[in-house]
Protein chains: 2
Amino acid sequence: MPSIKDIARKANVSTATVSYVLNETGSVSVKTRAKILEIIKEMNYQPNQIAKSLKIKKTKTIGVVVEDVTSFNSSEIIDGINEYAENHGFSLLLTNMRVLKRLGQEYSDTENVKKLAAPAINEILNKQVDGLIYIGFHTRDVTGIIENDKIPIVYIYCYTSKEEDYSVNYDDHLAAYESTNYLIEAGHRNIAVISGLFNSNPSRERFNGYYQAIMDNQLIFDPSLIKTGDWEFESGYRLTSELLAAENHPTAILAMNDNMAAGAINACKDKGLSVPADISIVGIDDREFSSYINPKLTTMRLPLHEMGVEAMKSLMAIINHDRTVQRNKKLKCTLIERKSAAKVFN
Amino acid sequence: MPSIKDIARKANVSTATVSYVLNETGSVSVKTRAKILEIIKEMNYQPNQIAKSLKIKKTKTIGVVVEDVTSFNSSEIIDGINEYAENHGFSLLLTNMRVLKRLGQEYSDTENVKKLAAPAINEILNKQVDGLIYIGFHTRDVTGIIENDKIPIVYIYCYTSKEEDYSVNYDDHLAAYESTNYLIEAGHRNIAVISGLFNSNPSRERFNGYYQAIMDNQLIFDPSLIKTGDWEFESGYRLTSELLAAENHPTAILAMNDNMAAGAINACKDKGLSVPADISIVGIDDREFSSYINPKLTTMRLPLHEMGVEAMKSLMAIINHDRTVQRNKKLKCTLIERKSAAKVFN
DNA sequence: CTGAAAGCGCTTACAG
DNA sequence: CTGAAAGCGCTTACAG
């Protein structure tokens with residue numbers, strides 16, 4: 001591997017001059033520039049970024065700490081981060097904490113995650129990254145997992161309670177509001193909700209979105225239509241069965257994720273109801289399986305790719321000392337109309 | 001950020017001595033070691049890996065070039081790579097080429113992928129990674145995409161025609177052999193195949209596995225039972241419909257991926273056949289959706305995580321000049337028994 | 001327009 | 001057991 005010295009020697013100039021043409025700084029005569037460029041090409045010289053980084057104290061690399069890459073939302077977020085990074089000459093140093101595999105459901109205990117995060121983040125910082133992106137696998141408060149004061153950082157798919165932190169998530173309230181509205185516009189008046197666990201912020205936000213749509217449309221809010229699930233398929237199945245046991249059962253169900261929506265569809269089928277002819281079901285997430293189940297699920301697509309891009313934008317701004325960036329970005333989900341919801345005829 | 005100089009000064013020793021205790025090289029008296037260690041802790045000193053890398057010419061980081069992170073197989077592979085890397089003190093520099101989004105189906109043209117790969121790989125090499133892992137999103141010959149002679153590299157989910165290259169894949173032949181055997185053991189005698197495109201190596205290997213299972217069990221090979229699909233849902237649906245039109249239709253179908261298996265299930269349902277009571281279906285891949293469709297799909301799980309781990313093992317060996325590593329590793333898939341296949345009664 | 005020199009933060013023969 | 005010094009491959013004030 002030729003170094004800048006080799007180029008300089010061969011071109012009969014100093015390394016400074018080579019450096020100037022490499023970086024297009026300084027002023028170099030057209031003639032020597034041409035000669036240097038030629039030799040660079042001839043020797044197939046590639047600058048050693050490690051050496052450069054040491055000198056300029058910037059690595060042009062971003063540390064990406066992800067709680068679990070195998071989680072369904074991680075890939076698209078990383079894809080978005082990568083796209084932006086590539087367009088701006090940044091590289092990604094990826095660390096996967098494997099939270100799901102290692103902690104199972106104990107991820108909720110911040111202390112456990114912190115134990116995983118500390119060494120990972122330490123290692124990344126020692127590699128002198130210019131900034132950090134932390135990707136949760138599940139929207140929640142993540143305060144205390146990272147103790148950091150020396151590096152710009154933005155959180156995706158999670159947030160902290162610290163005012164000075166930056167995060168990008170999607171708008172849960174709006175997602176539920178829009179999907180509920182969609183059902184209302186289709187003529188539904190009895191719209192049930194199968195929510196996630198109520199100790200989660202997204203559950204509450206989504207419920208509020210649903211509630212507001214009901215109110216805005218002057219419908220009657222019926223608490224018996226609200227069922228609390230646990231995000232899993234089985235709870236969607238079980239709670240739908242409960243819902244259908246009532247004599248005047250709802251004509252539509254908003255499930256707060258696609259897992260539970262899939263459970264709901266199965267419950268309807270098992271009761272001999274046809275989806276969407278007899279009952280409409282909409283989910284939230286747009287998982288891979290959602291277009292494979294029967295009927296294909298109408299659901300809200302999460303702006304995952306965009307979240308990655310926006311996080312990078314925030315991070316770049318912070319790195320460049322632009323403190324006017326919005327601290328808590330909330331992106332919009334989009335409704336994907338498939339086959340599990342229909343207009344009501346009467 | 002304190003440097004090794006700061007530590008040395010405060011401890012009244014040379015930077016050499018600090019370096020010795022940091023790396024546990026050289027011999028340092030217990031006393032000075034203790035003092036240095038104390039000061040390191042006190043100042044919360046963290047060694048700058050960039051500086052170290054420049055000196056020792058090793059970065060302890062591996063470049064991971066993935067054709068498309070959003071492809072269903074990528075995450076688990078990365079998870080495996082990450083696990084091994086973490087256990088051995090390596091970091092991952094990730095580059096996503098976004099082949100699917102950028103090229104659509106034109107990925108098959110090596111030239112197009114090469115155009116994407118060249119700058120990505122160049123950038124990674126300039127960051128002085130110690131090795132490279134290339135993850136295809138689809139098993140195929142990838143010769144010519146990377147022109148490299150200076151760095152150890154192993155291919156996952158793809159391979160090259162060069163003898164000196166290393167790759168890790170799974171055993172297509174065995175996967176089809178075992179799944180066919182499974183159906184035979186369940187009593188099936190008329191087992192159809194819906195294959196992928198026959199210009200792909202996996203299709204051919206899988207067909208051979210099927211064929212060998214038929215032969216080994218002294219069954220009759222019936223060419224009319226072999227249908228060539230294109231890996232997509234629709235072809236599974238269409239070809240299954242064709243299969244079912246025959247008067248003595250098969251009692252089992254081996255679909256060469258889960259997409260087509262899902263199509264097959266739907267086709268059966270639409271013809272009024274019950275899966276698995278009337279007809280058994282098994283897939284290959286174990287996609288996320290495969291446990292959500294109805295009935296849940298019996299399929300071969302790909303050893304993705306393990307492929308990541310094995311690739312890292314190969315890479316470490318090559319880096320350490322151990323040239324005895326197996327050049328083409330083929331890992332075993334495992335049958336996931338769910339609900340889409342059953343014994344035949346007669 | 002160009003070069004000599006210092007320095008980024010480490011490691012490592014070498015001498016003592 | 002310890003330190004002075006050179007060097008990894010760059011960049012950048014500074015002088016001319």
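Name every residue in the range A:15-28 that is over 24 Å from B:LYS57 (Cα atoms) and open to solvent by 60 Å² or more (accessible area, probe 1.4 Å), in order of residue number.
Kept after step one, since they are over 24 Å from B:LYS57 (Cα atoms), are these residues of the range A:15-28: A:17, A:20-21, A:24-28.
Once the filter is applied, which keeps residues that are over 24 Å from B:LYS57 (Cα atoms) and open to solvent by 60 Å² or more (accessible area, probe 1.4 Å), the range A:15-28 yields A:TYR20, A:GLU24, A:THR25, A:SER27.
What single numbered condition from (1) closer than 30 Å to B:VAL142 by Cβ; (2) within 12 Å of DNA strand D (Cβ to nearest atom); (3) in contact with a helix residue (DSSP H, G or I) (Cβ under 7 Å, 6 or more places away or on another chain); (4) not hydrophobic (A, V, I, L, M, F, W, C) fails to hold for B:SER19?
(1)
Determine whether B:ASP172 is of a type in the set (Asp, Glu), within 23 Å of B:ILE319 (Cβ to Cβ) and open to solvent by less than 40 Å² (accessible area, probe 1.4 Å).
No, not satisfied.
Where residues in the range A:119-167 are under 15 Å from the mean Cα position of the chain (by Cα) and among the small types (Gly, Ala, Ser), which of them is farthest from A:ILE319 (Cα to Cα)?
Per the criteria, the residue is A:GLY136.
Tell me which of these A:ALA34 doesn't satisfy, since it passes every other one: (1) within 16 Å of DNA strand D (Cβ to nearest atom); (2) open to solvent by 10 Å² or more (accessible area, probe 1.4 Å); (3) over 29 Å from A:GLY131 (Cβ atoms).
(1)
For the range B:98-135, which residues satisfy the criterion of being out of contact with any strand residue (DSSP E or B) (no Cβ under 7 Å at 6 or more places or on another chain) and either modelled with pLDDT of 95 or more or within 12 Å of another protein chain (Cβ to nearest Cβ) (or both)?
B:ARG98, B:VAL99, B:LEU100, B:LYS101, B:ARG102, B:LEU116, B:PRO119, B:ASN122, B:LEU125, B:ASN126, B:GLN128
Looking at the range B:77-88, is at least one residue more than 40 Å from the chain's Cα centre (by Cα) and either at pLDDT below 95 or within 11 Å of chain A (Cβ to nearest Cβ) (or both)? Quick ask: steps written out before the conclusion?
Initial filter on the range B:77-88 (more than 40 Å from the chain's Cα centre (by Cα)): none.
Scanning the range B:77-88 turns up no residue that is more than 40 Å from the chain's Cα centre (by Cα) and either at pLDDT below 95 or within 11 Å of chain A (Cβ to nearest Cβ) (or both).
Considering each residue of the range B:239-273, count those that are within 14 Å of chain A (Cβ to nearest Cβ) and at pLDDT below 95, and give that number.
3
Which of the residues that make up the range A:1-13 are open to solvent by less than 60 Å² (accessible area, probe 1.4 Å) and more than 14 Å from chain B (Cβ to nearest Cβ)?
A:ASP6, A:ILE7, A:ALA8, A:ALA11, A:VAL13
Please return the ranges of helices (runs of 4 or more DSSP H) entirely within the range A:1-93 where 2 or more residues are among the hydrophobic types (A, V, I, L, M, F, W, C) and either within 12 Å of DNA strand C (Cβ to nearest atom) or without any contact (Cβ under 8 Å) to a residue 12 or more places away in the chain (or both).
Numbers: elements: A:4-11, A:15-23, A:30-42, A:49-56, A:74-87.
Answer list for the range A:1-93: A:4-11, A:15-23, A:30-42, A:49-56.
Here is a list: B:LYS58, B:LYS41. Which entry is more than 13 Å from DNA strand D (Cβ to nearest atom) and surrounded by fewer than 18 Cβ atoms within 10 Å (Cβ to Cβ)?
Unique residue meeting the criteria: B:LYS41.
Assuming B:ILE145 fulfils every condition listed in (1) touching a residue at least 40 places away in the same chain (Cβ under 8 Å); (2) touching a Cys at 6+ places or on another chain (Cβ under 9 Å) apart from one, which condition is it?
Going through (1) touching a residue at least 40 places away in the same chain (Cβ under 8 Å); (2) touching a Cys at 6+ places or on another chain (Cβ under 9 Å) one by one, B:ILE145 breaks only (1).
Suppose we filter the range B:1-36 for residues that are among the aliphatic types (A, V, I, L, M) and under 19 Å from B:SER53 (Cα atoms); how many remain?
Residues in the range B:1-36 being among the aliphatic types (A, V, I, L, M) and under 19 Å from B:SER53 (Cα atoms): 6 in total.
Inside the range A:223-265, can you point out the residues that are open to solvent by less than 20 Å² (accessible area, probe 1.4 Å) and among the charged types (D, E, K, R)?
A:ASP258
Which residues, taken from the range A:9-45, are within 45 Å of the chain's Cα centre (by Cα) and small (Gly, Ala, Ser)?
Residues satisfying the conditions are A:ALA16, A:SER19, A:GLY26, A:SER27.
Here are some residues: B:LEU239, B:LEU244. Which one is in the same structural domain as B:LEU183 (by TED's automatic domain parsing), farther than 21 Å from B:GLU178 by Cα and touching a strand residue (DSSP E or B) at 6+ places or on another chain (Cβ under 8 Å)?
Only one candidate passes the filter, namely B:LEU239.
Among B:THR32, B:THR25, which is among the hydroxyl-bearing types (Ser, Thr, Tyr) and closer than 30 Å to B:LYS150 by Cα?
Just one listed residue meets the conditions, B:THR25.
The values are calculated or read from the model by the stated rules, or taken from the named source; none is laboratory data. Here the structure is a predicted model, which is why all the values come from computation and not from measurement. Note: ideal-geometry Cβ built from the backbone for every residue, glycine included; neighbour counts use all protein chains shown. All accessible areas refer to the heavy atoms of the entire protein, side chains included, with ligands and DNA or RNA removed. Shrake-Rupley method; radii C 1.70, N 1.55, O 1.52, S 1.80 Å.
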